[in-house]
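Computed from the coordinates by the stated procedures, all read-outs in this text should not be read as laboratory data. Bear in mind the structure is a predicted one, so any value in this text is a computation, not a measurement. All Cβ positions, even for glycine, are placed from backbone atoms using ideal geometry, and neighbour counts span all protein chains on display.
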Amino acid sequence: MIVCRKCGFHNADSDDFCGSCGSFLEFTGEKVAVKVPEGFAAQAEQEAAVVADRRRAFETALAGTLPGGQLTILAGYTPMLELRALMHERGWVGRLREA
């Protein structure tokens with residue numbers, strides 16, 4: 001990581017110019033370690049889970065989403081149909097038309 005001397009923005013090692021202020025990033029040979037909050041990795045591991053049952057996975061994901069927040073679901077075609085049916089049960093979307 002390269003820290004811009006002008007604005008303090010953290011840039012990737014491969015960057016030539018600051019992603020925030022546009023200043024040229026001089027290579028000084030200094031390496032800056034990324035500071036990870038204590039317990040972050042352990043907390044992330046506890047929060048991450050694989051839930052095989054799609055209904056339960058959906059309910060778990062919703063429970064962990066803050067009010068007004070956004071939940072993004074990446075699903076294949078069949079799981080997407082099942083998730084859409086769950087959303088239809090809640091009245092969030094209309095019925096999916098079948099061809």
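If I go through region 1-57 residue by residue, how many of them are out of contact with any Asp or Glu (no Cβ under 8 Å at 6 or more places or on another chain) and more than 30 Å from Met87 (Cβ to Cβ)?
37
Report, by residue number, each residue of region 65-99 that is surrounded by 10 or more Cβ atoms within 10 Å (Cβ to Cβ) and in contact with a helix residue (DSSP H, G or I) (Cβ under 8 Å, 6 or more places away or on another chain).
Result: Leu71, Ile73, Ala75, Pro79, Glu82, Leu83, Leu86, Val93, Leu96.
Of the conditions (1) within 30 Å of Met87 (Cβ to Cβ); (2) over 23 Å from the mean Cα position of the chain (by Cα), Gly64 clears all except one; give me its number.
Failing condition for Gly64: (2).
Any chance region 74-84 includes a residue that's among the β-branched types (Val, Ile, Thr) and in contact with a Leu (Cβ under 9 Å, 6 or more places away or on another chain)?
Checked region 74-84: no residue is among the β-branched types (Val, Ile, Thr) and in contact with a Leu (Cβ under 9 Å, 6 or more places away or on another chain).
Assess whether Cys21 counts as being over 30 Å from Trp92 (Cβ atoms), in contact with a Lys or Arg (Cβ under 6 Å, 6 or more places away or on another chain) and free of Cβ contacts under 8 Å to residues at least 40 places away in the same chain.
Against the criterion (over 30 Å from Trp92 (Cβ atoms), in contact with a Lys or Arg (Cβ under 6 Å, 6 or more places away or on another chain) and free of Cβ contacts under 8 Å to residues at least 40 places away in the same chain), Cys21 qualifies.
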